[in-house]
Amino acid sequence: MIYLISVLLIYITWLHYRITKMTERLNTHVRMFSDVWGEIYKTK
């Protein structure tokens, strides 16, 4: 039982880490995209 709980905790921590990394990457993409879009919008 204790083994199961520790495995679950490790899994949750890993999942949280993955989600955080994904969110960071997504935010970077969104920022880059909005910068490009701003440049396009300015030139029009």
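Just so you know, all these numbers are worked out from the coordinates, no wet-lab data involved. Keep in mind it's a predicted model, so treat the numbers as computed, not measured. Virtual Cβ from ideal backbone geometry, glycine too; neighbours counted across all protein chains shown.
Could you put 21, 42 in order, starting from the residue whose Cβ has the fewest other Cβ atoms within 10 Å?
With the sparsest Cβ surroundings first, the list reads 42, 21.
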Suppose R0 equals 35 Å; then what is the FRET efficiency for residue 32 and residue 12 from their Cβ-Cβ distance, rounded to the nearest 0.05?
0.70
Two-site label geometry, residue 24 and residue 5: point separation in nm, points 7 Å out along Cα→Cβ:
3.1
When the helix-only estimate is applied to the chain (DSSP H runs of n ≥ 4, each -39,500 (n - 2.57), divided by the residue count), what is the mean residue ellipticity at 222 nm, nearest 500 deg cm²/dmol?
-35500 deg cm²/dmol
Rounded to the nearest 20 debye, what is the charge dipole size of the chain about its Cα centre when +1 sits on each Lys and Arg Cβ and -1 on each Asp and Glu Cβ?
100
